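The values are calculated or read from the model by the stated rules, or taken from the named source; none is laboratory data. All values derive from a computational prediction rather than experimental measurement. Here the Cβ positions follow ideal geometry from the backbone for every residue, glycine too, while neighbour counts run over all protein chains shown.
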Amino acid sequence: MRKNGPVTSFADRHIGPDAPALETMLATVGHASLDTLVDAAVPASIRGDDVLVLPEPRSEAEVLTALQGLAARNTVQVSMIGMGYHDTITPMAIQRNVLENPAWYTAYTPYQAEISQGRLEAMLNFQTMVSDLTALPVAGASLLDEATAVSEAVLLMRRAVRGKDGGRIVLDAECLPQTVAVVRAQAEAIGLPLEVQELGEGWEAPEDLVGLVVQQPGQTGVVRDVGTLIDLAHEAGALVTVAADILSLCVIKAPGELGADIAVGSTQRFGVPLFFGGPHAAYIAVREGLERQLPGRLVGVSVDADGDPAYRLALQTREQHIRRDKATSNICTAQALLAVIASFYAVYHGPEGLREIALRVHTMASTLADALRARGVAVRHDHFFDTIVVEVPRGADSVVARIAARGINVRRLDADAVAIACDERTTPEILTALLEAILDRRAERPVYTGPTVTIPVALRRTSEYLQHPIFSAHRSETSLMRYMRRLADRDLALDRTMIPLGSCTMKLNSAVEMAAVSWPGFAQIHPFAPADQTAGYREMIAQLEGWLAQITGYAAVSVQPNAGSRGEYAGLLAIREYHRSRGETERDVCLIPASAHGTNAASAVLAGMRVVVVATATDGEVDLEDLRSKLSAHEGRVSCIMITYPSTHGVYEEHVGEVCAAVHEAGGQVYIDGANLNALVGVAKPGHFGGDVSHLNLHKTFAIPHGGGGPGVGPVAVAQHLVPFLPRSLAPVQSPAELAREGAPVSSAPYGSAGVLPISWAYIALMGHGGLRRATETAVLAANYVATRLQDHYPVLFRGPGGLVAHECILDVRPLTKATGITAEDIAKRLIDFGIHAPTMSFPVAGTLMVEPTESEDLVEIDRFIDAMITIREEIAAVERGDIAATDSPLRHAPHTMAMVVADGWAQAYPREQAAFPVPSLRLDKYWSPVRRIDNAHGDRNLVCACPPLDEYEA
Ligand SMILES: Cc1ncc(COP(=O)(O)O)c(C=O)c1O
């Protein structure tokens, strides 16, 4: 607890309530101290060993110094390794105004569309950019990475092709090695036949072909006539995905122009740093007719209550929660912030700028190829975009070493060949250094002859792209800066309001934690850089994995999964492989409680399991009787149970030990979804109270910001017997601990979204054991304070031991809806008028609101939320009394825009004053929703997923 005197510890700044506030909150919930509260709330059966062996908390200055030391142990070289990762120049205007701006990085996923118009516009720009460049009409708003995007495309092709059950997928031998590894594992898990084939001349499409994946340019840089392959696959009744380099599409014919059904790839090289492999936004675009099969989020244009255009997430917004095991994908948290950066890169450069960059990159590669050939060195392909393969019989190792000695990393393809990928940063001086290193003698600077295209005419792009005015409107930095500010101002992010979203843990993402993300020592490292250049990263990752294992009580942790959904998939694959290693191949049933997050069921299907739902008892706990009957009905087939702890009902379930024991007795494994770990850190360890495996969400519990819908990191943590099945790494050199992991890789990059790991590392280093535990206790107190103060206004749906909730509480709006017609959605939209982000709506129980205040909100802010909810309750009471009809009430017309309030006519049955300033403090600090309530159904009926022409806004 904060002592009198100067504030010194970081924990005191991270945790919102100070000592007097804690006293007030404790008095309200009727407990003398945090200890007695937690003792009462958390069942003794799960407490056990709650000691965390972690380093002592460090000060902000100490943490920065330590991170600087780690960054200094990574070597920033000129990176020409390629393999889907290319160095790029992040325009400083974008770095400062977006990547380093809390208005952008602390926003949540735009489910509340009215307060998310800014980031939705930026994501719509991303979709338009992808759709234009791929020449396919519908593009989604970002996938996790290129390998998982190809995986998603393969699954999409399998869903969309009918009448070819058991048919196979063919992957191009030119696909990136990490793509092949990730997709192969996915196919294997669901029993989908898959082959890797050379797609050279004379290739014939197998009769049972379901889908073909072609990489263009190929991993060796080759640019081929993909159109012929597409035609052959189509003739065989298959679909075709082209994995395309986004920059190459400025000069090479687009997949859509060649007849491809799907295009996927990474947008990393559009201004997003290498980050040692991630986070980066992948893209997916599809031809007409496949849009309803798209995985991930899709931003669409709809209209608001005035008929004005407004953006919102279209179609699949909540599809996992509705369709669960039938969902198109398990992807939830994606890479929104990185998609936004890539979209601003396109806005910054425009079509001419991008073409110029692409041409320069291409010309660099051909200049080097010409210079080598002129000196008798063979270059493998005649047609390439940015990557050339230099033939150096038996000389690859020495050539790579000579190039490295000049500060440049290239790729050793095999003993006889070296691949060199040019990028935006490649200069003629770099080409000279390469030439001299390859020839092993001094060489004249190769002649750079200005932009020229050496790609055959038939393969060149001639069509226009990025013709929407948005891609030419902001050429000056002043204009761009103001555009970025304008969009940010339309949104409510954590820099303006608490975001009390249950199950999301929107806590502080402190400035000191964020600082290292853009340092070159972390940002400019290629994921496949030689191990001796990445010592700092690897040390930091090993420490973080160790700390997370300590916190969760598991034997080992892998940070490779780049979202919670990927962590679930990795954990379930580990369970599957464990059973198989013991010859128990029949075990394919995954038991999932009805209240589980939708990703759980979707992930189980991806891991090749059958989902069997376990009922919820009336008190919100897993129904033990139903569990026992499901266990006996599926005797010998139970692979695992997937429970969330504390459950999504926001209570510490007393019987979790019995649940785990019953499943273990039946030979199953226990997966504990760790998304709610903010209620456990320092208090109890899932690895000690029955879990065999968990995933964590570092973008919740461990301070990585949500970025408007990503990035995320979803480490998977396992008990000793599952360690061999953790995702293996494709890193060039690995520690003994890593070498012991032989499971399927689940991300493109060896350490997933490594670039944001310094955030969680810093969080734990700053908080230490005591700070982490106090954060948990305060989060539990805050939720109970909200529950206590609001219980007379809105019933609290579930309570656990001691009548207490865990770190979140569900407010039941259904009785009010029944009595008045006012819905949880009405309340969520009315909160916008108060400048407050809504709690989680209708999850896990339809018609309710789930509130998670977190430890970072101070009492003033928590009270602001509570007072808003009470004021709203009074407005509902007016409907109850019959003073005003629900349809006429401010609740139904919320949110109110400034335009509406100042309009000459005022047709509403309540005063303007009440509409705009329901509490007096809003007169000084008022957030105005830029649009009125959005009509979602209209947008789904009239799907528009690219920037509409400007005249639609002016009409
Ligand atoms: C309980 C639970 N499990 C799993 C997930 C999935 O995590 P992610 O969104 O990182 O994929 C979430 C995300 O909100 C969650 O709340």
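Worth a mention:
- Here Val410, Val361 are screened, and the one residue that is buried (at least 22 other Cβ atoms within 10 Å of the Cβ), away from the ligand (no atom under 16 Å from the Cβ), not in a helix (DSSP H, G or I) and not hydroxyl-bearing (Ser, Thr, Tyr) is Val410.
Residue-by-condition table, conditions (1) touching a residue at least 24 places away in the same chain (Cβ under 8 Å); (2) touching a Lys or Arg at 6+ places or on another chain (Cβ under 6 Å):
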position	(1), (2)
Ile872	yes, yes
Ile884	yes, no
Arg892	yes, no
Gln914	yes, no
Leu922	yes, no
Ala937	no, no
Ala946	yes, no
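- Residue match in the stretch 756-764 (condition: modelled with pLDDT of 95 or more, in contact with a strand residue (DSSP E or B) (Cβ under 8 Å, 6 or more places away or on another chain) and either assigned to a helix (DSSP H, G or I) or more than 16 Å from the ligand (Cβ to nearest atom) (or both)): no
- When restricted to residues that are among the hydroxyl-bearing types (Ser, Thr, Tyr) and touching an Asp or Glu at 6+ places or on another chain (Cβ under 7 Å), the stretch 149-194 contains 1.
- Applying the criterion of being aliphatic (A, V, I, L, M) and free of Cβ contacts under 8 Å to residues at least 40 places away in the same chain to the residues of the stretch 665-679, the residue that is farthest from the ligand (Cβ to nearest atom) is Ala666.
- Filter pass, Ser929 being closer than 15 Å to Ala305 by Cβ and more than 35 Å from the chain's Cα centre (by Cα): no
- Qualifying residue in the stretch 615-625 (condition: within 16 Å of the ligand (Cβ to nearest atom), modelled with pLDDT of 95 or more and not charged (D, E, K, R)): no
- Matching residues in the stretch 159-180 - criterion: being of a type in the set (A, V, I, L, M), surrounded by fewer than 20 Cβ atoms within 10 Å (Cβ to Cβ) and under 17 Å from Gln219 (Cβ atoms): Ala173
- For Glu319: the one exception among (1) modelled with pLDDT of 95 or more; (2) within 16 Å of the ligand (Cβ to nearest atom): (1)
- Arg637 in the same structural domain as Leu677 (by TED's automatic domain parsing), at pLDDT 95 or above and more than 29 Å from the chain's Cα centre (by Cα): yes
- When the stretch 103-118 is limited to residues that are within 15 Å of the chain's Cα centre (by Cα) and not small (Gly, Ala, Ser), the one that is surrounded by the most Cβ atoms within 10 Å (Cβ to Cβ) turns out to be Trp104.
- Among the residues listed as Glu513, Glu545, Glu539, Glu477, the single one being modelled with pLDDT of 95 or more, farther than 30 Å from Leu354 by Cα, surrounded by fewer than 20 Cβ atoms within 10 Å (Cβ to Cβ) and not assigned by TED's automatic domain parsing to the domain that holds Ala731: Glu539
- Taken together, Val693, Val733 contain a single residue that is in contact (Cβ under 8 Å) with a residue 24 or more places away in the chain and within 16 Å of the ligand (Cβ to nearest atom), which is Val693.
- Condition broken by Glu100, with the remaining ones in (1) within 30 Å of Pro279 (Cα to Cα); (2) surrounded by 17 or more Cβ atoms within 10 Å (Cβ to Cβ) satisfied: (2)
- Test: Gly636 is within 16 Å of the ligand (Cβ to nearest atom), touching a Lys or Arg at 6+ places or on another chain (Cβ under 9 Å) and either on the phi > 0 side of the Ramachandran plot or free of Cβ contacts under 8 Å to residues at least 40 places away in the same chain (or both): no
- When Pro853 is tested against (1) crowded, with 17+ Cβ neighbours inside 10 Å; (2) assigned to a helix (DSSP H, G or I), just one condition goes unmet, and that condition is (2).
- Residues in the stretch 443-501 that are over 23 Å from Ala946 (Cα atoms), touching a residue at least 40 places away in the same chain (Cβ under 8 Å) and β-branched (Val, Ile, Thr): Val447, Thr449, Thr452, Val453, Thr454, Ile455, Thr497, Ile499.
- Residue list for the stretch 908-926, restricted to those being assigned to a loop (DSSP other than H, G, I, E, B) and within 38 Å of the chain's Cα centre (by Cα): Phe917, Pro918, Val919, Leu924, Asp925, Lys926
- Single residue of Gly211, Gly256, Gly202, Gly227 found to be in contact with a helix residue (DSSP H, G or I) (Cβ under 6 Å, 6 or more places away or on another chain), in the same structural domain as Leu133 (by TED's automatic domain parsing) and surrounded by fewer than 20 Cβ atoms within 10 Å (Cβ to Cβ): Gly227
This table checks each residue for (1) touching a residue at least 40 places away in the same chain (Cβ under 8 Å); (2) more than 24 Å from Gln467 (Cα to Cα); (3) in contact with a Pro (Cβ under 9 Å, 6 or more places away or on another chain); (4) in a strand (DSSP E or B).
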| position | (1), (2), (3), (4) |
| --- | --- |
| Glu257 | yes, no, no, no |
| Arg269 | yes, no, no, no |
| Phe276 | yes, yes, yes, no |
| Gly296 | yes, yes, no, no |
| Gly307 | no, yes, no, no |
| Tyr311 | yes, no, yes, yes |
| Thr333 | yes, yes, yes, no |
| Val340 | yes, no, no, no |
| Tyr345 | yes, no, yes, no |
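- Any hit, the stretch 124-134, residues being touching a His at 6+ places or on another chain (Cβ under 7 Å) and modelled with pLDDT of 95 or more: yes
- Some residue of the stretch 162-170 being modelled with pLDDT of 95 or more, over 28 Å from Gly755 (Cα atoms) and of a type in the set (A, V, I, L, M, F, W, C): yes
- When the stretch 322-340 is filtered for residues that are more than 15 Å from the ligand (Cβ to nearest atom) and in contact with a helix residue (DSSP H, G or I) (Cβ under 6 Å, 6 or more places away or on another chain), the ones remaining, listed by number, are Ala339, Val340.
- Just one of the numbered conditions (1) within 19 Å of Gly84 (Cβ to Cβ); (2) among the hydrophobic types (A, V, I, L, M, F, W, C); (3) surrounded by 24 or more Cβ atoms within 10 Å (Cβ to Cβ) is not true of Val222: (3).
- If the condition is being assigned to a loop (DSSP other than H, G, I, E, B) and either over 18 Å from Thr552 (Cβ atoms) or assigned by TED's automatic domain parsing to the domain that holds Gly277 (or both), then the stretch 713-743 contributes Arg728, Ser729, Leu730, Ala731, Pro732, Val733, Gln734, Ser735, Ala740, Glu742.
- Selection over the stretch 696-712 of residues that are aromatic (Phe, Trp, Tyr) and within 11 Å of the ligand (Cβ to nearest atom) gives a count of 0.
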